[in-house]
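**Q** Before anything else, here's the structure in question.
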Amino acid sequence: MKSNRDIQRQSASRPAPDVVPADPRPVLLRQSLVELTAETQRHGFPGYRARQVYQWLYKQIAGSIEEMTNLPADYRAWLAEFYRFGGVEIADRRVSADGSQKLLIRLHDGRLIESVLMPDGERRTLCLSSQVGCPLGCRYCLTGQGGLLRNCSMDEILGQYLAARRLVPAGQIPITHLVFMGMGEPLLNTANVFAAIGRLTDPRAVGLSPRRITVSTAGVVKGIDALGEANLGVKLAVSLNASTEEQRQRLMPNRRLDRLEDILEAGRRFPLAKQRRITFAYVLLDGFNDALDDAHRLGRLLHGIRCKINLIPFNPVPGLLPFRRPPEAHVQRFQQILAEMNYTVSIRYSKGEDVGGACGQLAGHLNAQILYDARLADALVDPHAEDQS
Ligand code: SF4
């Protein structure tokens, strides 16, 4: 284990994330085609150059302006001077025995988030983060224990997709599905999440089908309503995890989360296209919410909502979180009760447990370390600040 002195030495040599100087240039990945065309023309270049840039960014997945080789040198030079490229960089990658890849993603200010790429038969799903950390502090989640550092910007969300797509070799199954189930609560960062979804589903940009994108919330009613009103056509998943309000309060006590009955009401009014259903996720915790009564109560709560249920046996984090995974027999029994109540119920096991565990377990540790290091670095520098003024 590192001593405080070791950590301080390390901290003194590493710039704290907040001291990265801000770059005032607009971010290229945030520009709409209309905006990019207007700026291109305003600076004396033909408007169709903007469409070529879009092609390079979203169809050929260029990682830099230099890669856009069919653009004239003077236009490329202008782009590089006028815009910051944006997006993210992959800081580390761990490949699991089950084929999933955990990507540790570095943002422009040094903060870290994670994305997970999961192959599954004919599908390849990418799990995206929407915030650096999370303010909600759900008791069963490691990310939540570190608090929120900041929101991810639109280009950082989009950049996770673009960076992951560059990793998939040509000829292999491309990324077919996206889920907002990584770090953070996407419906507390609606402006950036919705803008990124707009770009991901725009046929002139990435062009993914909205039906293949799922936004998952821990229960923010205002955000659920906003998602419905935005009419993006994406799927909604809600992490319920409890069959009574009292149980949910113990597990997910944050005041920004709404009451169970209000969340279910929001689910009832959420606009669903034909044959679409809301997914309710339920993390099964041994001895906490996995009893027969819980299964019956859950079935009654969801009555009348077009939905399916995802049961997620908890992925244990020994020494860090106080919950255990239920025995397989409990999981099966829980599923059976709900199936007998005519629900479609699947059991989802975490992927990539051997490379950093489930949601938040890779970047969560590292961000906590960075935050700690940054505070120590501040402590080393700041004590004399008053004396100097
Ligand atoms: S489970 Fe999701 S909403 Fe809850 S603390 Fe973790 S990241 Fe945040």
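**Q** For Cα pairs less than 8 Å apart in space and 6+ apart in sequence, what is the mean separation divided by the residue count of the range 105-251, i.e. the relative contact order in percent?
**A** 21 percent
**Q** With N set to the residue count of the range 103-197, report its C-alpha Rg divided by 2.2 N^0.38 Å to two decimal places.
**A** Rg over 2.2 N^0.38 Å, computed on Cα atoms: 1.08.
**Q** Enter the per residue convex hull volume of the range 172-256, computed from alpha-carbon coordinates, in Å³ rounded to the nearest integer.
**A** Cα-based convex hull of the range 172-256, divided per residue, equals 114 Å³.
**Q** Using 0.36 nm times the number of residues separating Glu229 and Lys308, minus their current alpha carbon distance, what extension gain do you get? Don't skip to the answer; put the middle values down first.
**A** Details: separation 79, 0.36 × 79 = 28.44 nm, distance 2.21 nm.
Taking 0.36 nm per residue and subtracting the Cα distance, the gain is 26.2 nm.
**Q** Here is a further query. Counting Lys +1, Arg +1, Asp -1, Glu -1, what net charge surrounds Lys222 among other residues with beta carbon under 11 Å of its beta carbon? Kindly include the intermediate steps, with their values, before the conclusion.
**A** Numbers: positive: Arg256; negative: Asp225, Glu229, Asp258, Asp262.
Here the count lands on -3.
**Q** Right, another one. Can you give the translational diffusion coefficient of the range 244-355 in µm²/s, computed by Stokes-Einstein from the Kirkwood radius over Cα pairs at 4 °C and 1.567 mPa s?
**A** Rounded to a whole number, D works out at 85 µm²/s.
**Q** Going 7 Å from the Cα of Leu33 toward and past its Cβ, which residues in the range 69-92 have a backbone nitrogen under 15 Å from where you end up?
**A** Answer for the range 69-92: none.
**Q** Using the C-alpha atoms of the range 195-306, what convex hull volume per residue, in cubic angstrom, is computed?
**A** Residue-normalised Cα hull volume stands at 111 Å³.
**Q** Another question, then. Would you list the P(r) distribution for the range 89-370, with all Cα-Cα distances sorted into 10 Å bins from 0 and each bin expressed as a whole %?
**A** 6, 30, 38, 22, 3, 0
**Q** A follow-up question, please. What's the extension gain from Ala77 to Ser346 if we count 0.36 nm per residue and subtract their Cα-Cα distance?
**A** 91.6 nm
**Q** Computed FRET efficiency, Cβ-Cβ of Arg211 and Arg94, R0 45 Å: what is it to the nearest 0.05?
**A** Numbers: r = 30 Å, r/R0 = 0.67.
Efficiency at R0 = 45 Å is approximately 0.90.
**Q** From the cross-link list Lys274/Lys308; Lys102/Lys222; Lys59/Lys102; Lys102/Lys235, which pairs have alpha carbons spaced over 26 Å apart?
**A** Working: Lys274/Lys308 14 Å; Lys102/Lys222 31 Å; Lys59/Lys102 24 Å; Lys102/Lys235 23 Å.
Violating the 26 Å limit, Cα to Cα: Lys102/Lys222.
**Q** For a quick check: sort Ile309, Ile347, Ile175 by the number of other beta carbons within 10 angstrom, fewest at the front.
**A** By the 10 Å Cβ count, ascending: Ile347, Ile175, Ile309.
**Q** Ok, one more. What Kirkwood Rh does the range 238-301 have if only Cα atoms enter the pairwise 1/r average? Answer in Å.
**A** So the Kirkwood estimate lands at 12.7 Å.
**Q** Below 8 Å, C-alpha to C-alpha, sequence gap of six or more: please give me the relative contact order for the range 89-370 in percent. Walk me through the numbers before you get to the answer.
**A** On the way: 567 pairs, mean separation 53.6, N = 282.
Relative contact order, the range 89-370: 19 percent.
**Q** Taking 0.36 nm per residue of separation and subtracting the Cα-Cα distance, what length does fully extending Arg277 through Glu245 add?
**A** 9.2 nm
All of the numbers you see were taken from the coordinates with simple rules; none came from a lab. If you're wondering where the values come from, they're calculated on a predicted model, not measured in any experiment. Cβ atoms come from the backbone with ideal geometry, glycine included; neighbour counts cover every protein chain shown.
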